[in-house]
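Everything on this sheet refers to the single structure shown next.
Please treat every number below as a calculation from the coordinates, not as lab data. Not measured: the values here are computed from a predicted model. Cβ atoms come from the backbone with ideal geometry, glycine included; neighbour counts cover every protein chain shown.
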Amino acid sequence: MHLNRSSELLERAKHVVAGGVNSNVRLLALPQPIFFSEGHGSRIRDVDGNEYIDYVLGQGPLIHGHGNPRLLAAARESMERGMMFAGQHEGEIELAEAICRLVPAAERVRIGSSGSEMVQAAFRLARAATGRQKIVKFEGHYHGWFDNVLVSVAPPLSAAGPREAPHAVATSKGQNPQSLDELIVLPWNDTELLEKTLRARASEIAAVITEPIMNNVGCILPREGYLERMRELCTELGIVLIFDEVITGFRVAPGGAQHLLGVTPDLCTFGKAMAGGFPVAALAGKAELMELFTQGVNHSGTYNANLLVVGASLACLQLLNEDDGAAYRQLFAHGERLREGIREIAASCETPVQVQGVGPVFHLAFHDTPLREYRDSVGMDVPRYHRLVRRLMERGVRCIERGLWYVSTAHTDADIDQTLDVLAVELPEAARTSAG
Ligand SMILES: Cc1ncc(COP(=O)(O)O)c(C=O)c1O
């Protein structure tokens, strides 16, 4: 494998694109930022002709793989009718109706273009509804790149303060320090601490925002009863409960993690898998909150609900939900086969390996024990995992540097077999203690 052409393009790009990439996370790509030429189904090809089975899937959106023909046809057909009207079209209603049918919390919907902005709209509703200002967020959770929430996403423990009262730690230079004061940061999956904090500070707290399954560090399910208690407390104390389902939405169940886990938030955000790779996002929730958008709360956007993304999203959801759930059965079966296969290989590895996840999304790490919250993750052997990622790339398997794996409906049994064959060699090799 060589990356000569990619390296040339990266050098050229650096003269005109900051860092040569258009999203900071791509700066961290291993073995280097790569230029790709095409993707089809489960496969992606780079400009040097290397082909990979793709488990990055655009960082999640490509739930039907690259270039699903029905998705493309729907997008094309929509665009041929028009691109944007700065007015309404019937597709918007159909999409909102589909979301309201699928998602337990959804009584009203607003469409936008990115998860980050939908989170902001949710905060605005929560503040308007409660007249309070603070937002509770959890260590290790990511809710977009805006100043007031890009906080304590992966804080060094030296800066993170005591576990029982974490400091709010900015992630980026240039963040407005005052915006950190809007947040109360807590460790996730700790019911007692949550209850204590919410009861003590309820009069200040507009909302609790959480990924219902923690996917931005590890892929961690909530402890039994944790989200249920969070729901009860928010109801009792008049706090708006926001589930950020940008990763879990339409992926772990037709109605997202709230559907899978049986806990219904007041508001929820969606993106990624919602349109199979087209740039769309949604905020959904209780009518009484969402209707505040007609009572003085602003949510706007030039590109909101344009014909292209609405057509694509309708097709994406249709593909996921036709044939009596066949797509989810396949996504879950393939995810489970990969996890089981990895666990079997891991059983004889020299270094402990953790595989945690649900359905078509899971996390792989070199770590002694399963992850339960962000602070567990600092014990992960990241350099060792990065060595594995490099070796997998060389063997034609592409996965995310931070350990998350996504599976699409385009992945075949043969892809899973091939991936497990590669892992059967490379995982024990990376896990060799002498390789540490
Ligand atoms: C849970 C979660 N929320 C919000 C976002 C931000 O979404 P976007 O990148 O579409 O702005 C992400 C992105 O990865 C996410 O994982």
For the range 236-335, which GluC sites (Glu not before Pro) pass both filters: DSSP loop (anything but H, G, I, E, B) and at most 11 other C-beta atoms within 10 Å? 322
Under 26 Å between C-alpha atoms is the cut-off here; go through the range 69-321 and count lysine pairs that meet it, provided they're at least eight residues apart or on different chains. 8
Given 25 °C and 0.890 mPa s, how large is the Stokes-Einstein diffusion coefficient of the range 69-321 in µm²/s, with Rh as the Kirkwood radius over Cα pairs? 133
Which net charge results for the neighbourhood of residue 337, defined as the other residues with beta-carbon distances under 15 angstrom from its beta-carbon, given Lys and Arg at +1 and Asp and Glu at -1? -4
Looking at the chain only, what percent of DSSP beta bridges run antiparallel? Nearest 5 please. 65
Hey, got the Cα dimensions of the range 144-283 along the principal axes, in Å, largest first? 38, 36, 25
Taking N as the residue count of the range 91-179, its alpha carbon Rg divided by 2.2 N^0.38 Å gives 1.34
Exposure proxy order (Cβ contacts within 10 Å, fewest to most) of 2, 367: 2, 367
For a test of the definition: using alpha carbon positions, the gyration tensor, and the 1.5 limit on a/c, classify the range 328-374 as rounded, prolate or oblate. oblate
If you average the C-alpha positions of the range 159-219 and of the range 390-420 separately, how far apart do those two centres end up, in angstrom? 33
How large is ³J(HN,Hα), in whole Hz, for each residue of the range 65-81 in order, when computed from phi with the Karplus curve 6.51 cos²θ - 1.76 cosθ + 1.60 and θ = phi - 60°, using x for Gly and Pro? x, 7, x, 4, x, 6, 5, 5, 4, 5, 5, 5, 4, 5, 5, 5, 7
Roughly what percent of Cα-Cα pairs across the range 270-321 reach past 17 Å? 45
Can you pull the one-decimal nm distance between simple spin-label points at residue 90 and residue 324, each 7 Å off the Cα toward Cβ? 3.0
Taking neighbour Cβ counts within 10 Å as the exposure measure, how do 100, 219, 268 sort from fewest upward? 100, 219, 268
If each Cα of the range 301-436 is one equal point scatterer, what is log10 of I(q)/I(0) from the Debye formula at q = 0.11, 0.21 Å⁻¹? -0.49, -1.21
For the chain, the dipole about the Cα centre with charges only on Cβ (Lys and Arg +1, Asp and Glu -1), to the nearest 20 debye, works out at 840
So how many Å³ per residue does the convex hull of the Cα atoms of the range 1-118 work out to? 169
For the range 69-321, calculate the relative contact order in percent as a whole number, restricting contacts to Cα pairs under 8 Å that are 6 or more residues apart. 30
The Rg/Rh figure for the chain, Cα atoms and Kirkwood Rh, to two decimals is 0.95
Please identify every one of the trypsin sites (Lys or Arg not before Pro) in the range 133-222 that sits in a loop by DSSP and has no more than 13 other beta carbons within 10 Å of its own beta carbon. 173
